[in-house]
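Presented below is the structure to which this report refers.
The values are calculated or read from the model by the stated rules, or taken from the named source; none is laboratory data. Since the structure is predicted, the reported quantities are computational estimates derived from the model, not experimental observations. Here the Cβ is made from the backbone with ideal geometry for all residues, glycine too, and neighbour counts use every protein chain on show.
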Amino acid sequence: MKLLSAFLATALLLAAPEAYSRDTKHLMSIQEALASADFKERLDPSIRLYFGNQKHPRVAKALGTFSSNKKTNAFAKSDEEACRWVMLSALLALQERAKKEGGNAVIDIASYYKKNTYSSRTEFECHAGAIMAGVALTGKVVKLAN
């Protein structure tokens, strides 16, 4: 019995780092995220967001390319819930940067995980682990012609 207990304890110790180091890649719907109540309530409609190569009005002035790398507590949350929450945080950071720079939009928004760009009109990339989830975005802050 002691041998079995020792074996189980060793197995748990060896498996624990795997559980905490999980880094599951998710490609999630941008439209589903933007349609959620949290996004509608918190995003600033005066700072428009354009993903991937989505069409947008003419750029009057480019103000720079900026990144947002956000993490959130994923403990006791589904990966999808944590990913949506951290996506909101990343988009809010881009909007704040646009305001600071005098822009009214962020265009060409793409996921930017570990310096790898994933550009899409329909999906964003999120990485979720046992205790953290993260979204990194990059985008161009601009002043659009009206």
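Taken over the stretch 33-65, residues that are touching a residue at least 60 places away in the same chain (Cβ under 8 Å) and out of contact with any His (no Cβ under 9 Å at 6 or more places or on another chain) amount to 16. Looking across the stretch 68-117, just one residue is touching a Phe, Trp or Tyr at 6+ places or on another chain (Cβ under 8 Å) and on the phi > 0 side of the Ramachandran plot, and that is ASP108.
Selection within the stretch 103-146: residues that are of a type in the set (D, E, K, R), within 15 Å of the chain's Cα centre (by Cα) and at pLDDT 95 or above. The member of this set that is farthest from ARG22 (Cα to Cα) is ASP108. Taking the stretch 67-83 as the range and being part of a loop (DSSP other than H, G, I, E, B) and in contact with a helix residue (DSSP H, G or I) (Cβ under 7 Å, 6 or more places away or on another chain) as the test, only ALA74 passes.
Listed here are the residues, each with its yes/no results for (1) touching a Gly at 6+ places or on another chain (Cβ under 8 Å); (2) crowded, with 18+ Cβ neighbours inside 10 Å; (3) assigned to a helix (DSSP H, G or I).
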| residue | (1), (2), (3) |
| --- | --- |
| ALA33 | no, yes, yes |
| LYS40 | no, no, yes |
| ASP44 | no, no, no |
| THR65 | yes, no, no |
| ALA93 | no, no, yes |
| LEU137 | no, yes, no |
